[in-house]
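So the structure is just underneath, and the comments pick up after that.
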Amino acid sequence: MKEKYYLSIFFCLVLLNSAICQSNHNTGMSASDLDERMKWWEDGRFGMFIHWGVYSVFGGEWDGIDHGKEMGGASSEWIYLMADIPQKDYKEAAHQFNPIHYNAAEWVRMAKNAGMKYIVLTSKHHDGFAMFDTKASDWNIMKSSVYEKDIVKAFIEECHKNGIRVGLYYSHEKDWYHRSKVGRDTSEIPQSYEALVATHLKELLTNYGQIDLIWFDMGIDQHKKLNQMCFDMVRKYQPECIISSRIGNKLGDYRNLGDRELAPPGIDGYVESIMTLRLNWGFDKNDSNWKSSEEVIAMLSKCACRNSNFLLNIGPGPDGRFTPEEIIRLENIGQWTKQNGEAIYETKGSPFKAEYEWGSVTTKENKAFLHLYGRKNRLIQVNGIQSKVKNAYLLDTNIALSFMQNTDKATMTVTIPESAYEKCVPIVALELEGELKVDTEQGPTWLPPVVKHTNRRKMKGILVEVGGRSFTLNDGKVQKVFTLNEHVEYRINDNGIIQMASGFHLIEGNKYIVIYTPGELLSVEIITRIE
Ligand code: GLC
């Protein structure tokens, strides 16, 4: 009797638990629906983000002043707000937006060649400008620019032709043209704005065939009605289309991390890390903080090991071309993915919550891939693997590697030839007997330091003192001491044109804007003398 009672309680709990696990309470979607929807996305792992619009015309500058991230601003695509450009001037820039070199086929070719499986293009950013043909308002590429061609349409057609998944960024919350020109507006959404968003979305979701992802941005929970409307429209018109979590109210299918934040080891669920190739998302004339190809490849490799997608940003110029720096990096990444893609696509991330000092693991069927993005050791310890390893080899060259394994203790060492490290992020493939089995207790314990992609900061004030390598600035409230690098080099913003300077020509009593990197030493990046 008692046993029966316990048994029925047990079953109730099992049922209850599976009901909770199976359905996401906000979206009313079962886990299997979600898994099906996310399959191509998770398998693809790697995508291209493109920030392109009227803001690209400015390249971060307005009225001789740089407002991009280089100058401690938000990012160059925020210039309409950051520089408070009058609407008539911004409209004039839109009118001049004439990207005669825009070639969607070339963009898609470059993304594909780099090994990217999806592209997310800004169809409307915060400036409210539609890069597509729309009846919702005249503030669009057909009616407000001399270009008069539907950019989104050409982009989608090329993606479809080439088997690249289509993502559209759509700024539903912020719209500085149709709603309000402020940084954050929590006030009630006007009916007219909601109607505009509804028209835009219906057009995007019904005029161009299959859309695979809508990348909503900056949704806020106070605007549940708007967010829910956007969600419902996507589900209605394109039920298979994935929705980003920045829609708000936990309505998204997966989780977007913060801007330029890499997924940490051990993170759960569907996660996307988004990264700029330099500081700004949109095109910026003065931003020369390019990440190297090696850095970006290591990021892709880390993301795959951490079960995260990697969406890498390009900010094309106003004429429609990717910059040479972007093109070179995409080519280098492509060379790497062609040789090592097997360790990225359709893989699962590491089964361990921590990493090895030399790197981490992805796995697929009866293979495990060791991603050597960390310490460059000749002998690497690979603890925690219980499956018997039949072969070990370098994935790009097929060169066999010697190894020693004790399956009972789940320990193993692999010898890495020095030459392997001449290439960036070498991958070692392990051929296993059966699928990867691990002993998590024996697994790695090392946790990499969290790297925060801190933004640069800005301070405007009077130079009160110069001494040695340092100088002191006072903004009326606080006083900060800044330090120059050992070459006494810094960059001077001379009416928007940034030049290298060396020496020390700062004048006490003058007013300066200093862009600096926060940390123990407040190191100076750019100095602008304003008075
Ligand atoms: C931020 C910015 C935006 C950019 C986005 C990319 O939320 O507002 O300019 O498009 O991040 O992730």
Exercise for the section: Using 0.36 nm per residue of separation minus the Cα-Cα distance, give me the extension gain between Asp268 and Lys202 in nm, one decimal. Expected result: 20.5 nm
Exercise for the section: For the chain, evaluate the Debye formula with one uniform point scatterer on each Cα (no solvent term) and list log10 I(q)/I(0) at q = 0.05, 0.06, 0.07, 0.08 Å⁻¹, rounded to two decimals. Expected result: -0.24, -0.35, -0.47, -0.61
Practice task
With a ≥ b ≥ c taken as the square roots of the eigenvalues of the C-alpha gyration tensor of segment 457-530, please select rounded if a/c is under 1.5 and otherwise prolate if a/b is larger than b/c or oblate if it is not?
Solution key: rounded
Completion exercise
Taking a crude spin-label model, label points 7 Å out from Cα along the C-beta direction, the Val146 to Asp259 distance in nm is 3.1
Handout entry: segment 306-386: C-alpha gyration tensor shape, a/c 1.5 cut-off, then a/b vs b/c
Key = prolate
Completion exercise
Computed about the Cα centre, the charge dipole of segment 360-442 from +1 Lys/Arg and -1 Asp/Glu charges at the Cβ has a magnitude in debye, to the nearest 20, of 160
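Provide the gained length on full extension for the span Ser470 to Thr517, in nm with one decimal, where the gain is 0.36 nm per separating residue minus the Cα-Cα distance.
Length gained between Ser470 and Thr517: 15.5 nm.
Report, to two decimal places, the Cα Rg of segment 360-442 normalised by 2.2 N^0.38 Å (N = number of residues).
It is 1.01.
Taking a threshold of 26 Å on the Cα-Cα distance, which of the pairs Lys376/Lys458; Lys477/Lys511; Lys69/Lys181; Lys364/Lys423; Lys117/Lys364 fall above it? Don't skip to the end; give the middle numbers.
Working: Lys376/Lys458 37 Å; Lys477/Lys511 15 Å; Lys69/Lys181 19 Å; Lys364/Lys423 23 Å; Lys117/Lys364 18 Å.
As for pairs spanning more than 26 Å Cα to Cα, those are Lys376/Lys458.
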Practice task
Loop only per DSSP, at most 13 neighbouring Cβ atoms within 10 Å: give me the trypsin sites (Lys or Arg not before Pro) in segment 424-531, ordered by residue number.
Solution key: Lys452, Lys477
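Which of the chymotrypsin sites (Phe, Trp or Tyr not before Pro) found in segment 491-531 are in a DSSP loop and have at most 14 neighbouring Cβ atoms, other than their own, within 10 Å?
Phe504
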Exercise for the section: Work out the length of the dipole vector of the chain about its Cα centre, built from +1 on the beta-carbon of each Lys and Arg and -1 on the beta-carbon of each Asp and Glu, and round it to the nearest 20 debye. Expected result: 740
Problem - Order of Lys124, Lys250 - criterion: other Cβ atoms within 10 Å of each residue's Cβ, fewest first - result: Lys250, Lys124
Exercise for the section: On a C-alpha basis, how far is the centre of segment 88-166 from the centre of segment 472-531 in Å? Whole number, if you could? Expected result: 38
Practice task
Any chance you could run the full-extension gain for Thr411 through Ile530? It's 0.36 nm times the residue separation minus the Cα-Cα distance, nm to one decimal.
Solution key: 36.6 nm
Fill in the blank from the handout: Relative contact order as a percentage, segment 457-530, C-alpha pairs under 8 Å and 6+ apart, gives 33
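Tell me the relative contact order for the chain as a rounded percent, counting alpha carbon contacts under 8 Å between residues six or more apart.
RCO, the chain: 13 percent.
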Problem - segment 255-330 versus segment 187-220: alpha-carbon centroid distance in Å - result: 25
Exercise for the section: With a cut-off of at most 13 other beta carbons within 10 Å, and DSSP calling the residue loop, which GluC sites (Glu not before Pro) in segment 105-161 qualify? Please list them. Expected result: Glu148
Completion exercise
In terms of the alpha carbon gyration tensor, root eigenvalues a ≥ b ≥ c, rounded if a/c is under 1.5 and otherwise prolate when a/b exceeds b/c or oblate, segment 114-261 is oblate
Completion exercise
Charge dipole of segment 219-339 built from unit charges on the beta carbon (Lys, Arg +1; Asp, Glu -1), centred at mean Cα; most positive-end Cα among Gly269, Trp290, Leu226 is Leu226
Problem - q = 0.11 Å⁻¹: log10 I(q)/I(0) that the Debye formula gives for segment 201-355, counting C-alpha atoms only - result: -0.55
Exercise for the section: Mind putting together the pair-distance distribution for segment 37-343? All Cα pairs, 10 Å bins, whole percent per bin, short to long. Expected result: 6, 29, 38, 23, 4, 0
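A short reminder: the numbers here are calculations on the coordinates, not readings from a lab. Since we're looking at a predicted model, the values are computed, not measured. No Cβ is skipped: glycine too gets one built from the backbone with ideal geometry, and neighbour counts run over all protein chains shown.
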